[in-house]
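Here is the structure we will look at.
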Amino acid sequence: MRGRHTAAILDMMNIRDTTARTIDEYVSIAASLRNGARRSELSARIAENKHRVYRDRDCIVALEAFLDRAVRKNGMHLCEV
């Protein structure tokens, strides 16, 4: 789940070149990140695009709706928890 969560976050930031589909791709990506310039470039791209994740109201609203449904399913209301 953590890997999928991370992949989704990177996808939201339009960073797809670090997501591996095979073990060989994973090894290749990991090896490329040993290069300081490559790591710095990736860090800069993450810094430039992090607002897409941290300012995304859709994720917050979806989590609120999920929690509300989960609590109501158990006969409670979110404000009672």
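The values are calculated or read from the model by the stated rules, or taken from the named source; none is laboratory data. Small disclaimer: the values here were computed from a predicted structure and weren't measured. Side chains included, ligands, DNA and RNA excluded: accessible areas come from the protein's heavy atoms. Shrake-Rupley method; radii C 1.70, N 1.55, O 1.52, S 1.80 Å.
Please work out which option in (1) 5.9; (2) 10.1; (3) 7.2 gives mean projected area of the Cα convex hull in nm² calculated from these coordinates, and answer with its label.
Only one listed value fits the structure, namely (3).
To the nearest 10 degrees, how steep is helix 23-32 against the longest Cα principal axis of the chain, on a 0 to 90 scale?
Result, in degrees: 70.
On C-alpha positions alone, give me the angle between the axis of helix 2-12 and the longest principal axis of the chain, in degrees, nearest 10.
So the helix axis and the longest Cα principal axis differ by about 80 degrees.
Could you tell me what percent of the accessible area of the chain is made up of carbon and sulfur, with a 1.4 Å probe and every protein chain present?
Exposed carbon and sulfur together represent 57 percent of the surface.
Roll a 1.4 Å probe over the protein chains and send me the accessible area per residue for the chain in Å².
Result: 84 Å² of accessible area for each residue.
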